[in-house]
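Working notes, structure below.
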Amino acid sequence: MGMVAEPKVGPPATATARAHPNLALVKYWGRRDPALNLPANGSISLNLSGAVTTTMVVFDRALVADIVVINGEPADDVAQQRVTAHLDRVRTLANLTERATVVSDNTFPTSAGVASSSSAFAALTRAAVAAAGLELSLRELSILARKGSGSAARSIPDGFVEWLPGHDDESSYAFSLAPCDYWDVHVITVAWPLGPKAVPSLAGHDAVSTSPFYEARLALLPRTLDRVREAIAQRDLGALGMVVEREAMSLHAVAMTSQPAARPWMSGVTYFAPETIRMIQAIQEWRERGLEVYFTLDAGPSVHLLCAACDVAQVVQAVRNSVDSESASILVSRAGRGAWLVNQTGGAAGPAGDQPPDATVN
Ligand code: PMV
């Protein structure tokens, strides 16, 4: 990313971008370099078409500080600082001093169980870069998004995505393994409104080395990545599902045996809720009875079910029958596109375009 633009003058430069959150099939858990968000291991994901973040960035010389509004509310201090730090990266690249207004909205509720930081920082990166008049390659956008939130690197490319751990800033980026329409495997996300988790994922990442099982997880990952790449290449849901389930359980085995600093009262980090365990048991019973459905779990209580397109209606019905549908939310996705620009004025000329999100929210 060696480009530095001329200082900007003139009217506010604005751009709006959209991104889907992504769901990791092979998870990122643990950082080799916390400042650069270099992951300890490679990971593979798909973008969740059922959820979208839309973010507008306006650089404006009349502002004395960045203004950040998320889902209609002023951002809290932590989010404000993360957004400003990210805008600072863009300002440095573009040789800009203007502060910005950032307005970001999710189509999905925070309680929908998808990691909004991946779509948030992918959309912010895409919009801020365009508003600042920069033209970056997909690889450069992924590198930049990674510094906002690691998993955001994977919401930049289309469809099924691999994030290389790399060995330095330039070599750790995500790329598309296969486009959105390559395979119609579906993800059904089941979430419960259980409030914010007790241990944020960043604290979880930074505690991994305290787990006696972390080295064992890392040793397994090259084989797991191979098997997931191969299952995607073959469009083999059965092979993918079993590997992905065991991979998620390995992350949780590490989390449950990690001791996060500053939380000495905790013995390990348990992201499961009772609802999580009940859903895992139900999925395994359905599978035993012949319904081909698998699960994965992130650092939270939500359960993401994987199934073939032809089984979506049956799986959604089975979920509805087994959870309290008053409180649980169900989100249906397939592989979605990478972050895209909706419009821009005053920034770099570049491809703009809109595509309505193919979202299904129940
Ligand atoms: O990008 P972060 O810091 O929110 O970490 C994401 C961690 C997991 O969602 C648990 C796994 C992953 O690869 O997305």
Checking the conditions here, which among Asp168, Asp181 is within 23 Å of Cys307 (Cα to Cα), modelled with pLDDT of 95 or more, away from the ligand (no atom under 16 Å from the Cβ) and of a type in the set (D, E, K, R)? Asp181
Kindly list the number of the only condition in (1) without any contact (Cβ under 8 Å) to a residue 60 or more places away in the chain; (2) part of a helix (DSSP H, G or I); (3) buried (at least 24 other Cβ atoms within 10 Å of the Cβ) that fails for Arg139. (3)
Within region 103-159, residues among the β-branched types (Val, Ile, Thr), over 10 Å from the mean Cα position of the chain (by Cα) and at pLDDT below 95 come out as Thr107, Thr110
Residue, nearest to Arg235 (Cα to Cα), within region 268-301, restricted to residues that are in a strand (DSSP E or B) and of a type in the set (Phe, Trp, Tyr): Tyr294
Determine whether region 195-202 contains at least one residue that is of a type outside the set (Val, Ile, Thr), away from the ligand (no atom under 16 Å from the Cβ) and either farther than 30 Å from Cys310 by Cβ or crowded, with 19+ Cβ neighbours inside 10 Å (or both). yes
Residues in region 93-115 that are surrounded by fewer than 19 Cβ atoms within 10 Å (Cβ to Cβ) and either assigned to a helix (DSSP H, G or I) or without any contact (Cβ under 8 Å) to a residue 40 or more places away in the chain (or both): how many? 2
Matching residues, region 41-54, being more than 11 Å from the ligand (Cβ to nearest atom) and not in a strand (DSSP E or B): Ser49, Gly50, Ala51, Val52
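Restricting to region 74-92, what's the tally of residues that are surrounded by 15 or more Cβ atoms within 10 Å (Cβ to Cβ) and either at pLDDT below 95 or touching a helix residue (DSSP H, G or I) at 6+ places or on another chain (Cβ under 8 Å) (or both)?
Step one: filter region 74-92 for residues surrounded by 15 or more Cβ atoms within 10 Å (Cβ to Cβ), giving 75, 79-80, 82-84, 86-87, 89-91.
So of that shortlist, the ones also either at pLDDT below 95 or touching a helix residue (DSSP H, G or I) at 6+ places or on another chain (Cβ under 8 Å) (or both) come out as 75, 79, 82-83, 86-87, 89-90.
Total meeting the criteria: 8.
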Take region 319-334 and flag every residue that is crowded, with 21+ Cβ neighbours inside 10 Å and either aromatic (Phe, Trp, Tyr) or assigned to a helix (DSSP H, G or I) (or both). Val319
Which residues, taken from region 114-142, are farther than 23 Å from Glu98 by Cα and aliphatic (A, V, I, L, M)? Val114, Ala115, Leu138
Residues (assigned to a strand (DSSP E or B) and of a type in the set (D, E, K, R)) located in region 22-38: Arg31, Arg32, Asp33
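If I go through region 192-220 residue by residue, how many of them are farther than 14 Å from Thr257 by Cα and assigned to a loop (DSSP other than H, G, I, E, B)? Can you show your working first?
Restricting attention to region 192-220, the residues satisfying the condition of being farther than 14 Å from Thr257 by Cα are 192-198, 200-202, 218-220.
Now drop any that are not assigned to a loop (DSSP other than H, G, I, E, B), which leaves 192-198, 200.
Total meeting the criteria: 8.
Go through the residues of region 233-249 one by one and say whether even a single one is among the polar types (S, T, N, Q), without any contact (Cβ under 8 Å) to a residue 60 or more places away in the chain and touching a Phe, Trp or Tyr at 6+ places or on another chain (Cβ under 6 Å).
Pass one, region 233-249, residues among the polar types (S, T, N, Q): 234.
Now restrict to residues that are without any contact (Cβ under 8 Å) to a residue 60 or more places away in the chain: 234.
If we keep only those that are touching a Phe, Trp or Tyr at 6+ places or on another chain (Cβ under 6 Å) as well, we get none.
No, because not a single residue in region 233-249 is among the polar types (S, T, N, Q), without any contact (Cβ under 8 Å) to a residue 60 or more places away in the chain and touching a Phe, Trp or Tyr at 6+ places or on another chain (Cβ under 6 Å).
The values are calculated or read from the model by the stated rules, or taken from the named source; none is laboratory data. Given the structure is predicted, the values throughout are model-derived calculations rather than measurements. Because the Cβ atoms are built from the backbone with ideal geometry, glycine has one as well, and the counts that use them run over all protein chains shown.
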